[in-house]
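Participant: Quick one: this structure, given as structure tokens, is what I'll be asking you about.
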Amino acid sequence: MEKKNIDWSNLGFGYIQTDLRYVSNYKNGAWDEGTLTSDSMITISECAGVLQYAQTIFEGLKAYTTEDGHIVTFRPDLNASRLADSAKRLEMPVFPEDRFIEAVEKVVEANAAYVPPFGSGASLYLRPYMFGSSPVIGVKPAEEYQFRIFCTPVGPYFKGGAKPITIRVSDFDRAAPNGTGHIKAGLNYAMSLHAIVSAHEEGFDENMYLDPKTRTKVEETGGANFLFVTKDNKIVTPKSDSILPSITRRSLVYVAKEYLGLEVEEREVLFDEVKDFAECGLCGTAAVISPVGKIYDHGKEICFPSGMEKMGPTTQKLYETLTGIQMGKIEAPEGWIKVIK
Ligand SMILES: *Cc1c(COP(=O)(O)O)cnc(C)c1O
């Protein structure tokens, strides 16, 4: 297979249209058989549920080339089950989890020429999503839905090394108690746009959201979960019903315990404790871990001992072990790596 003529190591994180995407429609209570299509456009009713009442959910995962030349994805079964959880919360039909994994395989195979070569640091980002496509004017769930997966090649997240970022404690909330913070829905992102744009305007890379009820506990950022390292080298990660269950965070917790022999605490984390931690990182599919060097809290700064030049040593070890597992350099736990070809 001839790869596309793309400057892989200079790719950013943007949409580049590829050859084929997967689509399946839900109508009269059933999903159709689904197909690959070259048509990147969607035509739906002007009154579609997604357009009027934001009935849409999504996932994000990557396909990439391992050291031995295979194209693989990382734990797509967890994306399938998380999409199912998101669907139930927004009264949408579940796209069967085995069919989700098959659709991922089909899209990656069909666009194999867009999967960046090993060593480029780039990957093929897959975006599964589902939305209410039939007209809805009185507030209720749509009757018809579309499930799709497209893909787009994306560049290495860190060009020239992972530099620690500066985040601020946000005055906006991300998720309400008993709301939708735990599902991957577009609506959680729409309401975060103002907070992130204003954070950028004020010179911060990201927002740290606290729990909206008491504003004393750490939740997450707009699109990544927190991992902290204590001064005696334990891993601490916030637990809350309104945090999105990051697959990267869950994988890093396993790696910390089973590969690095570290103690891990998954529990409520008070913001007051944060100043005592040694390291802080954000975890998500895009970067695996982005180190946080500094947190700005209304005129006060928390500066982690790991500094603004590089990742802290434990964060670095976690990062290297998980990316080593993903790239086939370190043996993966059973079922983590799905070989596509
Ligand atoms: C997607 C997402 C994450 C990261 O999840 P991964 O499965 O690790 O990519 C974290 N927080 C939010 C709010 C998200 O939407």
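Participant: Can you give me the distance in nm between label points at E109 and T214, each placed 7 Å from the Cα along the Cα-to-Cβ direction?
Facilitator: Taking the two extended label points, one gets 5.1 nm.
Participant: While we're here: With a sphere of radius 14 Å drawn around the Cβ of T66, what net charge do the other residues whose Cβ falls strictly inside it have (Lys, Arg +1; Asp, Glu -1)?
Facilitator: Local net charge: +1.
Participant: Pull up all non-local amide H partners of E279: gap of 5 or more, or a different chain, and H-to-H distance under 5 Å with H placed in the peptide plane.
Facilitator: V229
Participant: List the residues, sorted by chain then number, that are 5 or more residues from E265 or on another chain and whose placed amide H is less than 5 Å from its amide H.
Facilitator: The answer is I235, V236, T237.
Participant: Another question, if that's okay. In the neighborhood of R127, defined by Cβ-to-Cβ distances under 13 Å, what is the net charge if each Lys or Arg adds +1 and each Asp or Glu adds -1?
Facilitator: +3
Participant: Now for a different question. In nm, to one decimal, how far is the Y15 label point from the M1 one, both placed 7 Å along Cα→Cβ?
Facilitator: 2.4
Participant: Among the listed pairs K62/K106; K88/K213; K239/K300; K231/K294; K234/K275, which are separated by more than 22 Å between their Cα atoms?
Facilitator: K88/K213; K239/K300
Participant: Principal axis extents for the chain, Cα atoms only, whole Å, descending order, please.
Facilitator: Extents along the principal axes, in whole Å: 56, 51, 36.
Participant: Sum up the charges of everything whose Cβ sits under 15 Å from the Cβ of T237, counting Lys and Arg as +1 and Asp and Glu as -1, but leave T237 out.
Facilitator: Spelling it out: positives minus negatives among the neighbours equals -3.
Participant: So between E265 and E334, what do we pick up on full extension, going 0.36 nm a residue minus the alpha carbon distance?
Facilitator: Between E265 and E334, full extension yields 22.5 nm more.
Participant: Sticking with this structure for a sec: Would you please give the FRET efficiency between T37 and K239, computed as 1/(1 + (r/R0)^6) with r the Cβ-Cβ distance and R0 = 41 Å, to the nearest 0.05?
Facilitator: Result of the calculation: an efficiency of 0.50.
Participant: Could you run the Karplus curve 6.51 cos²θ - 1.76 cosθ + 1.60 with θ = phi - 60° over region 5-22 and give me ³J(HN,Hα) per residue in whole Hz, x for Gly and Pro?
Facilitator: Those phi angles translate into 7, 10, 7, 3, 7, 10, 5, x, 10, x, 8, 10, 5, 10, 6, 9, 9, 9 Hz.
Participant: Moving to a separate point now. Under 8 Å for C-alpha pairs, at least 6 residues apart: give me the relative contact order for region 165-326, rounded to a whole percent.
Facilitator: About 23 percent, as a whole number.
Participant: If you keep only loop residues by DSSP, which GluC sites (Glu not before Pro) in region 41-73 have at most 13 other Cβ atoms within 10 Å of their Cβ?
Facilitator: Of the GluC sites (Glu not before Pro), the ones in loops of region 41-73 whose Cβ has at most 13 other Cβ atoms within 10 Å are E46, E67.
Each value in this text was obtained by applying a stated rule to the coordinates, not by laboratory testing. Because the structure is predicted, anything quoted here is derived from the model rather than measured. A quick note on method: Cβ atoms are made from the backbone with ideal geometry, for glycine too, and the neighbour counts reach across all protein chains shown.
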